[in-house]
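J.: Below is the structure I would like to discuss, written out as structure tokens.
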Amino acid sequence: MKKLRRAILLPVLLLPVVLTPPAPVHAEGLDYPETERIEHYDDYHGTKVHDPYRWLEDDVRESEKVAEWVEAENKVTFGYLDTIPERERIKKRLTELWDYEKLFTPWQQGGKYFVFKNDGLQNQDVLYVRQSLDGEERLLIDPNTWSEDGTVAMRTTSVDPTGTHIAYAIGDAGSDWQTWQVMDIDSRKVLDDKLEWVKFSSATWTRDGKGFFYGRYDTPKEGAEFQSTNLNMKIFYHRVGTPQAADVLVYSRPDHPDWSFWPAVSEDGKYLVLHSSVGTDSRYRIFYRDLSEPMSGMVELIDNFDYEYSFITSKGSEFYFQTTNGAPRRRVIAIDVENPAPESWREIIPESEATLDQANFINGQFVLEYQEDAKTVVRVFSESGEPVRTVDFPGIGSAFGFNGEADDTETFYSFSSFATPPSIFRYDLANGKSELLDTAQVDFEPADYTVEQVFYNSKDGTRVPMFLAYKMGIERTGDNPTLLYGYGGFDISLKPSFSITRLAWMEMGGVYAQANLRGGGEYGEAWHKAGTKLQKQNVFDDFIAAAEWLVENKVTKKEKLAIQGGSNGGLLVGAVMAQRPDLVEVALPAVGVMDMLRFHKFTAGRYWTDDYGSSDDPEEFEALRAYSPYHNLRPAAYPATLVTTADTDDRVVPGHSFKFAAALQHAHTGDQPVVIRIETRAGHGGGTPTTMRIEQYADIYGFVVKNLEMELPPEVEAEPVPLGSP
């Protein structure tokens, strides 16, 4: 998910779960644990809905019964995976491909240059610092020293404007909860500052570098840290060298506990700008405070949640915003806080046919990142909004970076595509020249692969783009193993970027297909809204149509087609396989939102009502119930399914996948395996160590290879490497 109501429960006694030890794997199927079904019903607006696996929502760390179920399911799953000989060969090749120096986009702050690096198989990326771009590199922070298994990660960082201190967030076992600490950059001394119960927040420094603003929640009740709903976010100011207990409360809204905040400080240091949202949609109220006046209060500049207003920078009393107000694909405007009436707003850069993703102000110029049919286009404009130039890229792909401040003359970016490893560039804002700094050296030949973009019509006639990436020489015979990936939600766009796991799939002879479904941000606000709430079915129709196009155009056939998605994409796969169990041969739903009637009752789930709606609303309840994967499984022969989740995921709590897997095993009438792989000490994906990711994808691709009856080409076959179970 990109950022950041209530069923009536009928009382039911939850009886102890009865688990039958799994039997050995048989050629014709698996013996799954006998998961207890209970007579639990919820009343939604007069409709009784059965929830037979409600007990699987309990936190695995607190419930012995759920822990026993997890152990039993994993025993079946890994027993099955252990029978797949290709799994070990895939792991070895994944390890070989992964073992290259990872390149990341550097950034400059306070006269120093910072860059993350990974020598290949390090579990976590390491942060380095230089005094100049070509100066000697010095180790700053190495998270690999924080835990033996690599599950303690550095999630984000923030360097103060003077280049003196760096604040960094530490996440344990993939949890969204973060603990912030502060380091003196020159001495590498970690200070005593320790900020806890931080989530979905950055550290935004004042210009003097003496402290920063951040958001945190109240300390949760013991035992409810990883499942309780996140409410009442507060913004604090932390002064370096003081305890968290001394932090100053800057802003909170106890009258609106569902509001979230994130701060920005203007480059001149005069203003604190506060964005507020009620969900995941980019629709913000804007508050500001004059930091030069100690007694000043917070002023509301935008008093509604109707549109996006993302602060870019300020000049004097004028604030520059990226907004959807009057521009579904976004434009840039200026608001004078001394004359804030809407009729006085100035349009600087109007909406274009391309979708504006990100706006920065560097070297006195606006640098705008757009996407055209999901491909990156970057354009530079003068301060007054006149076009200056378009940045030249070495092909069709995705560019990331272009950060900086108003007086910087340079910026940095990376460029990659499905078959193009990342390259790092320095961009000179004065002359518009890109200088190649480095290119990742991966053990494959990019020229052996090709990428194309196709368009197909969805059920209602909507034209939808899709990328295809594959090895040269593959022909449309209808027999190609194909992996179709989708997301379709939260205004998130799927762009053509490089991935070792996708490369490994293509190297095995597979076609990788990535559909740009409605619900994403590829074509602006209208495209996003067409895949939300009462129109969410459009997303599933788009994905089904993509699968049908691949078959009709002889890219593949049903028996050679797998579908994959994670988080909201896990919901996508779950809903599609429930609606069309005949559509594909293999389904791979990862960390999915599977119970659409109760998702908003856990951790960050309440934010997602922007996209999904809520079962508290009668009309939205009907729409949610109609596609909720957990509630729509019926007796049928389902595709071979590998559900994946993690026991410490506190974004999409694992109970979603637990309940879905149990219901799927109960409803399944076919011989195809339907199993769940439950990772331990892992979360929603962020901070997952390299070794764990390689293990996960060896299992996923092994499962796919077996169930699509693929034959691995000779170049990926190798001597077996032992695989460990979690």
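J.: Tell me the strands (runs of 3 or more DSSP E) entirely within the stretch 17-127 that contain at least 1 residues that are within 30 Å of ARG426 (Cα to Cα), touching an Asp or Glu at 6+ places or on another chain (Cβ under 6 Å) and modelled with pLDDT of 95 or more.
T.: 112-118
J.: Considering only the stretch 246-254, I want to know if a residue exists there that is open to solvent by 40 Å² or more (accessible area, probe 1.4 Å), touching a strand residue (DSSP E or B) at 6+ places or on another chain (Cβ under 7 Å) and part of a loop (DSSP other than H, G, I, E, B).
T.: Taking every residue of the stretch 246-254 in turn, none turns out to be open to solvent by 40 Å² or more (accessible area, probe 1.4 Å), touching a strand residue (DSSP E or B) at 6+ places or on another chain (Cβ under 7 Å) and part of a loop (DSSP other than H, G, I, E, B).
J.: State all residues of the stretch 589-625 that are within 22 Å of the chain's Cα centre (by Cα) and open to solvent by 30 Å² or more (accessible area, probe 1.4 Å); if no residue qualifies, say none.
T.: LYS601
J.: Mind listing whichever residues of the stretch 478-499 are of a type in the set (A, V, I, L, M, F, W, C), open to solvent by 10 Å² or more (accessible area, probe 1.4 Å) and more than 29 Å from ASP443 (Cβ to Cβ)?
T.: Listed by number, the list holds a single entry, ILE492.
J.: Kindly establish whether SER628 is buried (at least 22 other Cβ atoms within 10 Å of the Cβ) and within 25 Å of the chain's Cα centre (by Cα).
T.: Spelling it out, SER628 is indeed buried (at least 22 other Cβ atoms within 10 Å of the Cβ) and within 25 Å of the chain's Cα centre (by Cα).
J.: Taking the stretch 278-304 as the search range and keeping residues that are closer than 21 Å to GLY613 by Cβ and among the charged types (D, E, K, R), which one is nearest to the chain's Cα centre (by Cα)?
T.: Checking each candidate, the answer is ASP281.
Here's the yes/no breakdown for (1) modelled with pLDDT under 95; (2) over 29 Å from the mean Cα position of the chain (by Cα):
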| site | (1), (2) |
| --- | --- |
| TYR370 | no, no |
| ALA374 | yes, no |
| GLU383 | no, yes |
| VAL388 | no, yes |
| VAL391 | no, no |
| ASP408 | no, yes |
| THR411 | no, no |
| SER416 | no, no |
| PHE425 | no, no |
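J.: Mind checking which pairs have a first residue in the stretch 178-206 that is within 30 Å of SER228 (Cβ to Cβ) and a second that is small (Gly, Ala, Ser) and assigned to a loop (DSSP other than H, G, I, E, B), Cβ under 8 Å, 6 or more apart or different chains?
T.: Close Cβ pairs satisfying both conditions: GLN178/SER201; TRP180/ALA203; ASP192/GLY241; ASP193/GLY241.
J.: Residues of the stretch 429-487 being in contact with a Pro (Cβ under 7 Å, 6 or more places away or on another chain) and closer than 21 Å to GLN371 by Cα, which ones?
T.: Within the stretch 429-487, VAL451, GLN453, PHE455, PHE467 qualify.
J.: Another question about this same structure. Criterion first (under 19 Å from LEU436 (Cβ atoms) and of a type in the set (Lys, Arg)) does LYS112 satisfy it?
T.: Considered against the rule, which asks whether it is under 19 Å from LEU436 (Cβ atoms) and of a type in the set (Lys, Arg), LYS112 comes out as no.
J.: Okay, next question. Quick one: in the stretch 144-163, which of the residues that are modelled with pLDDT under 95 and open to solvent by less than 20 Å² (accessible area, probe 1.4 Å) is farthest from the chain's Cα centre (by Cα)?
T.: GLY150
J.: In the stretch 528-555, what residues are open to solvent by less than 30 Å² (accessible area, probe 1.4 Å) and either under 13 Å from PHE490 (Cα atoms) or modelled with pLDDT under 95 (or both)?
T.: Those that are open to solvent by less than 30 Å² (accessible area, probe 1.4 Å) and either under 13 Å from PHE490 (Cα atoms) or modelled with pLDDT under 95 (or both): HIS528, ALA530, GLY531, THR532, LYS536, VAL539.
J.: Anything in the stretch 470-482 that is within 27 Å of the chain's Cα centre (by Cα) and either of a type in the set (Val, Ile, Thr) or under 28 Å from ALA526 (Cα atoms) (or both)? List them, or say none.
T.: THR482
J.: Related question: Could you tell me whether SER414 is among the hydroxyl-bearing types (Ser, Thr, Tyr), in contact with a strand residue (DSSP E or B) (Cβ under 7 Å, 6 or more places away or on another chain) and surrounded by fewer than 18 Cβ atoms within 10 Å (Cβ to Cβ)?
T.: no
J.: Filter the stretch 452-468 for residues that are surrounded by 15 or more Cβ atoms within 10 Å (Cβ to Cβ) and either touching a Leu at 6+ places or on another chain (Cβ under 7 Å) or over 22 Å from TYR523 (Cα atoms) (or both) and give the result.
T.: Selection gives VAL454, VAL464.
J.: Could you tell me how many of the residues in the stretch 500-527 are within 18 Å of GLU308 (Cβ to Cβ) and either touching an Asp or Glu at 6+ places or on another chain (Cβ under 6 Å) or open to solvent by 10 Å² or more (accessible area, probe 1.4 Å) (or both)?
T.: Residues meeting the conditions: 5.
J.: Can you list the strands (runs of 3 or more DSSP E) found entirely within the stretch 300-360 that contain at least 3 residues being among the hydroxyl-bearing types (Ser, Thr, Tyr) and surrounded by 16 or more Cβ atoms within 10 Å (Cβ to Cβ)?
T.: 309-315
The values are calculated or read from the model by the stated rules, or taken from the named source; none is laboratory data. Quick caveat, the model's predicted, so the values are computed rather than measured. Backbone-built Cβ (ideal geometry, glycine too); neighbour counts: all protein chains shown. Accessible surface areas use protein heavy atoms only, side chains included; no ligands, DNA or RNA. Shrake-Rupley method; radii C 1.70, N 1.55, O 1.52, S 1.80 Å.
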